[in-house]
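J.: The structure follows.
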Amino acid sequence: MDRRPSPLGGRKPRTADLSQFAGIDANALDDVLPPAGAEPLRLLIVGVNPGLWTAAVNAPFARPGNRFWPALHRAGLTDTLVDASRGLSEADERALLDAGIGITNLVGRATARADELTRAELVAGADRLLGVVAELRPERVAVAGITAFRIAFGQPKAVLGKQDCSRIDGWPPDVELWVVPQPSGLNAHENIDTLAEKWRAVVGG
């Protein structure tokens, strides 16, 4: 799909810019997904929802200090270290899709913190994701955030790692489902190396 340009025209957001993106609705961030008829994705990555910096530049996991892109690169999922802090370049988007990697979110509304989301939003996000997965049929899906996953899919005892898909009504049995840690710098339990290890497990590396 065609991505919209960064609302800030390619510059990094200033602190004063961020507040205008709080609460932006389901269109806060464009997905990175293949066009209709393309080969199935190797991996569909699912964030919880866009942060304010991410919404400001229309690029996933864009805030400096987020360990997402460094962890993916260290795990070998990307050939180069993506810098999305000013927006996602066409070259980086194409490289992701060529590698069979797509990115979406459970919830489209932009917030400063994921814990600002309501249970209803997360449950609705799980329903939307089921539709996306049924349509795209990726080999595997990885949700980045265990707390949000538990709420969204009604799995209060879920732990990180590969999930039992039979517990989730409507989940295609041929699509693996994983949960990995939230990569934000706010998650003090993880670092780039531990996150990379978990991503390697997802793709069997």
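The values are calculated or read from the model by the stated rules, or taken from the named source; none is laboratory data. The structure presented is a predicted model; accordingly, all values stated were derived computationally and were not measured. With ideal geometry, Cβ positions are generated from the backbone for all residues, glycine too; neighbour counts draw on all protein chains shown. Side chains included, ligands, DNA and RNA excluded: accessible areas come from the protein's heavy atoms. Shrake-Rupley method; radii C 1.70, N 1.55, O 1.52, S 1.80 Å.
J.: List the pairs whose first member sits in the range 148-166 and is farther than 21 Å from His189 by Cα, whose second member is open to solvent by less than 30 Å² (accessible area, probe 1.4 Å), and whose Cβ atoms are under 6 Å apart, counting only residues at least 6 apart or on separate chains?
T.: Ala152/Leu106; Ala152/Leu122; Ala152/Gly125; Ala152/Ala126; Phe153/Ala126; Phe153/Ile168; Cys165/Trp171; Cys165/Leu177
J.: Another question, if that's okay. Please verify whether Ala114 is buried (at least 23 other Cβ atoms within 10 Å of the Cβ) and either at positive phi or in contact (Cβ under 8 Å) with a residue 60 or more places away in the chain (or both), treating the condition exactly as stated.
T.: no
J.: Same structure again: Please go through the range 154-181 and give me each residue that is under 16 Å from the mean Cα position of the chain (by Cα) and either modelled with pLDDT under 95 or of a type in the set (Phe, Trp, Tyr) (or both), ordered by number.
T.: Trp178
J.: Taking Ser19 and the conditions (1) at pLDDT below 95; (2) open to solvent by 20 Å² or more (accessible area, probe 1.4 Å); (3) in a loop (DSSP other than H, G, I, E, B), which numbered condition does it fall short on, given that it satisfies the others?
T.: (3)
J.: Hey, does the range 107-119 have a residue that's in contact with an Asp or Glu (Cβ under 7 Å, 6 or more places away or on another chain) and small (Gly, Ala, Ser)?
T.: Looking through the range 107-119, at least one residue is in contact with an Asp or Glu (Cβ under 7 Å, 6 or more places away or on another chain) and small (Gly, Ala, Ser).
J.: Any residue in the range 5-32 that's among the hydroxyl-bearing types (Ser, Thr, Tyr): show its pairings with residues that are modelled with pLDDT of 85 or more and part of a loop (DSSP other than H, G, I, E, B) at Cβ separation under 8 Å, as long as the two are six or more apart or on different chains.
T.: Between residues of the range 5-32 that are among the hydroxyl-bearing types (Ser, Thr, Tyr) and residues that are modelled with pLDDT of 85 or more and part of a loop (DSSP other than H, G, I, E, B), the close pairs are Ser6/Asn58; Ser6/Ala59; Ser6/Arg86.
J.: Kindly indicate the residue of the range 37-89 that is hydroxyl-bearing (Ser, Thr, Tyr) and free of Cβ contacts under 8 Å to residues at least 60 places away in the same chain and also farthest from Val107 (Cα to Cα) among those meeting that condition.
T.: From the range 37-89, those hydroxyl-bearing (Ser, Thr, Tyr) are 54, 78, 80, 85, 89; that's our starting set.
Narrowing the set further to residues that are free of Cβ contacts under 8 Å to residues at least 60 places away in the same chain leaves 54, 78, 80, 89.
On the way: Thr54: 13, Thr78: 25, Thr80: 28, Ser89: 23 Å.
Step by step, filter the range 37-89, then rank; the result is Thr80.
J.: Another question, if that's okay. Among the listed residues Leu186, Leu195, which satisfies the condition of being closer than 20 Å to Pro60 by Cβ and modelled with pLDDT under 95?
T.: Unique residue meeting the criteria: Leu186.
J.: Among Asp25, Asp2, which is the only one that is within 20 Å of Glu90 (Cβ to Cβ) and out of contact with any helix residue (DSSP H, G or I) (no Cβ under 6 Å at 6 or more places or on another chain)?
T.: Just a single option satisfies the conditions, and that option is Asp2.
J.: Filter the range 151-178 for residues that are in contact with a strand residue (DSSP E or B) (Cβ under 9 Å, 6 or more places away or on another chain) and assigned to a helix (DSSP H, G or I); which is most open to solvent (accessible area, probe 1.4 Å)?
T.: My answer is Cys165.
J.: Can you confirm whether the range 121-141 contains a residue that is more than 18 Å from Asn49 (Cα to Cα), in a loop (DSSP other than H, G, I, E, B) and of a type in the set (A, V, I, L, M, F, W, C)?
T.: No - not one qualifying residue is present in the range 121-141.
J.: What is the residue count in the range 179-205 for residues that are touching a residue at least 24 places away in the same chain (Cβ under 8 Å) and open to solvent by 40 Å² or more (accessible area, probe 1.4 Å)?
T.: Looking only at that region, the number is 11.
J.: Further question on the same structure: Report the residue count in the range 22-64 for those that are at pLDDT 90 or above and open to solvent by less than 50 Å² (accessible area, probe 1.4 Å).
T.: 27
J.: Identify, from the list Leu130, Leu88, Leu106, Leu122, the residue that is farther than 25 Å from Ala22 by Cα and either open to solvent by less than 70 Å² (accessible area, probe 1.4 Å) or acidic (Asp, Glu) (or both).
T.: Of Leu130, Leu88, Leu106, Leu122, the one residue that is farther than 25 Å from Ala22 by Cα and either open to solvent by less than 70 Å² (accessible area, probe 1.4 Å) or acidic (Asp, Glu) (or both) is Leu130.
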